[in-house]
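Chemist: Please read through the structure below; I'll follow up with questions.
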Amino acid sequence: MRSELGDLAEETIREIRRTIPGITARPGERDERLVRRGVVHALSTFVDRVADPQAPARLDPRTAQLYRALGRDRMLEGHDLEALQAAYRLGARIAWRRWVALGRQAGIPAARMYQLAEAVFEYIDELATRTAEGYREAQRSVTTEELEQRRRLLELLLTAQEVPARTIRELSRSARWPLPDSVVAVALLPRPRRDALAAGPAPWGSEALADTHRADPFLLLPARPASPKAEWDRRLRGWRAAIGPAVPVSQAAASARRARKLLDLAQHGLGDGRRVVHCDDHLSTLILLDDDALIRRLADHTLAPLAKLTPKQRDRLAETMLTCLESGGSAPEVARRMCVHPQTVRYRLRQIEELYGEGWRDPGARFDLEIALRVRVLLDKLSGGG
């Protein structure tokens, strides 16, 4: 078993990285170093225990401390324990397969291999227990008073247009909130109270400002460059959410406003039914719909010449105009995109020129018209009409 430790550790780390993306950051970063250290130490310590029948049944203090530290780190970095415990189970399965093959080669009796299997899974249970202890210790380090301070700080950051830097520093110190350079606001869809997670650090950790019991639940988390969407999906498991853009802490309200707007739009069909949506994927939509009254006024004013037509005629001409403006192509190109005959397109374009006159050729008017037509399509989709 000892001769296999190096290869076994590398296989385990490789499989964890491949199948449990939530457990490590990019290769070489701190999360992966901790996982590597944990894997190597777990395997070598277990083999030492097997080699010495007189070894204590409980983990030695150094190993227990290491796995408590892993649990504390998961909590303080805003993760739950599911991915880490899945990694323990995966590691146990990989090691067991390797050791079964060795036992067969060495002719080890089946009864002895059963004993080894029991020892493997008892050992994994011990690691998981120590990890959970560390996680709970980190949770208890955030007091009730600090939680209340965090809620107050969150409320201030979400409602004030810009908070003075000095105020933020003072409040974050009293709330023991590690002040990041920038944040993202996460708007959550309210859930029934029996299902809602308790307000507080878990499962997002002490790095989060969280209040899931308010009418419009929110999180405020440090912005992490290139954080994978799979990681967001995992962290927000069980919630429908919208991730706002990264902003300086003093401008958290702007990220919150956009996240809430996107979540509202997602409830009406934007985002292709994804449970977690990201503002950075829908920037043009958010710009277009930032001021509902103003954009509807632009659409009504710009598309007024179409009002005299029947709904069916309106739809046909609007589609033709938008395709023409988007493609900048000739009648054959527009016809190809719309799957109609070029002569049909030419006829519709003549109708459009009759309705809009010289304005149809003016670059500024065409710009407004394209915005209005895009908004028309978007609003129709959000209302369930397309």
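Chemist: Would you point out the residue of region 276-327, among those that are under 30 Å from Ala242 (Cβ atoms) and among the basic types (Lys, Arg), that is modelled with the highest pLDDT?
Modeler: Step by step, filter region 276-327, then rank; the result is Arg297.
Chemist: I'd like the full set of residues that are assigned to a loop (DSSP other than H, G, I, E, B) and surrounded by fewer than 18 Cβ atoms within 10 Å (Cβ to Cβ), limited to region 298-324.
Modeler: Scanning region 298-324 gives Ala307, Lys308, Leu309, Thr310.
Chemist: Turning to a different aspect of this structure: How about region 207-252: which of its residues are assigned to a strand (DSSP E or B) and either under 17 Å from Arg74 (Cβ atoms) or without any contact (Cβ under 8 Å) to a residue 40 or more places away in the chain (or both)?
Modeler: Result: Ala210, Leu219, Leu221, Pro222.
Chemist: When you scan region 171-179, do you find a residue that is at pLDDT 80 or above, under 21 Å from the mean Cα position of the chain (by Cα) and of a type in the set (Gly, Ala, Ser), even just one?
Modeler: Taking every residue of region 171-179 in turn, none turns out to be at pLDDT 80 or above, under 21 Å from the mean Cα position of the chain (by Cα) and of a type in the set (Gly, Ala, Ser).
Chemist: Select from region 100-110 the residues that are among the hydrophobic types (A, V, I, L, M, F, W, C) and in a helix (DSSP H, G or I) and write down the one among them that is surrounded by the fewest Cβ atoms within 10 Å (Cβ to Cβ).
Modeler: The residue in question is Ala106.
Chemist: Right, here's the next one. Of all residues in region 183-206 being crowded, with 18+ Cβ neighbours inside 10 Å and over 18 Å from Leu263 (Cβ atoms), which is modelled with the highest pLDDT?
Modeler: Ser206
Chemist: Looking only at residues that are more than 18 Å from Val334 (Cα to Cα) and β-branched (Val, Ile, Thr) in region 349-376, which one is farthest from the chain's Cα centre (by Cα)?
Modeler: So the residue we want is Ile371.
Chemist: What do you reckon, is Arg97 modelled with pLDDT of 75 or more, among the basic types (Lys, Arg) and buried (at least 18 other Cβ atoms within 10 Å of the Cβ)?
Modeler: So Arg97 does not fit the description; no.
Chemist: Would you call Tyr347 modelled with pLDDT under 90, part of a helix (DSSP H, G or I) and farther than 30 Å from Cys279 by Cα?
Modeler: no
Chemist: Please specify each residue of region 135-159 satisfying the condition of being more than 25 Å from the chain's Cα centre (by Cα), surrounded by 15 or more Cβ atoms within 10 Å (Cβ to Cβ) and of a type outside the set (S, T, N, Q).
Modeler: Glu146
Chemist: Residues of region 11-36 being farther than 16 Å from Pro228 by Cα, β-branched (Val, Ile, Thr) and modelled with pLDDT under 85, which ones?
Modeler: Answer for region 11-36, where residues must be farther than 16 Å from Pro228 by Cα, β-branched (Val, Ile, Thr) and modelled with pLDDT under 85: just Val35.
Chemist: I've got another one for you. Would you say Arg72 is surrounded by 16 or more Cβ atoms within 10 Å (Cβ to Cβ) and not hydroxyl-bearing (Ser, Thr, Tyr)?
Modeler: Yes; evaluated as a whole, the condition is true for this residue.
The values are calculated or read from the model by the stated rules, or taken from the named source; none is laboratory data. Small disclaimer: the values here were computed from a predicted structure and weren't measured. Because the Cβ atoms are built from the backbone with ideal geometry, glycine has one as well, and the counts that use them run over all protein chains shown.
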